[in-house]
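Heads up, the thing below is written out as structure tokens.
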Amino acid sequence: SDLVLSIGGTSGFEAAFFKKPSIIFSDLGYQQISSVNRVKNIDELPKAICETMKNEISPASLERYVDLIDKNSFDFNMIQFELKYSNYFYFNATLADVDIPINKMQKFLENNKDELENLVFQYLKKIKQFKNN
């Protein structure tokens with residue numbers, strides 16, 4: 001392809017790795033990459049296509065964004081955690097409207113204490129970092 005259009009997924013981000021420009025229709029973190037053009041109104045699309053196709057792809061822009069993501073990331077398997085949560089409280093996601101007794105919540109929190117404490121620590125670290133900047 002010569003151009004990738006994405007409503008709100010990661011295909012525009014992935015396109016940058018293949019030196020392909022992209023147009024996105026929602027606010028996404030990776031829109032700061034120079035090869036990504038954010039369109040807010042469908043009427044802007046024809047002009048955006050022409051402009052985006054003329055843009056020169058900057059590998060340095062992608063590298064800066066990837067470095068920023070790496071610098072601001074930490075290990076936490078969100079999918080695994082959500083599966084544990086879903087399995088524990090919603091019977092393997094087969095139920096939606098479930099009463100969660102306090103003692104069951106306390107047990108879940110105790111069983112996942114280390115993981116949750118790390119998550120809190122990482123968030124507090126980021127808050128402090130942004131406060132100091």
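Report yes if some residue within segment 115-128 is open to solvent by less than 100 Å² (accessible area, probe 1.4 Å), more than 14 Å from residue 72 (Cα to Cα) and not in a helix (DSSP H, G or I); otherwise report no. No: zero hits.
The number of residues in segment 96-114 being in a loop (DSSP other than H, G, I, E, B), more than 22 Å from residue 74 (Cβ to Cβ) and open to solvent by less than 100 Å² (accessible area, probe 1.4 Å) comes to 4.
Within the set 60, 15, the sole residue that is aliphatic (A, V, I, L, M), farther than 30 Å from residue 129 by Cβ and out of contact with any Gly (no Cβ under 8 Å at 6 or more places or on another chain) turns out to be 15.
The values are calculated or read from the model by the stated rules, or taken from the named source; none is laboratory data. Given the structure is predicted, the values throughout are model-derived calculations rather than measurements. Here Cβ is always computed from backbone atoms with ideal geometry, including for glycine, and neighbour counts include all displayed protein chains. With ligands, DNA and RNA removed, areas are computed over all heavy atoms of the protein, side chains included. Shrake-Rupley method; radii C 1.70, N 1.55, O 1.52, S 1.80 Å.
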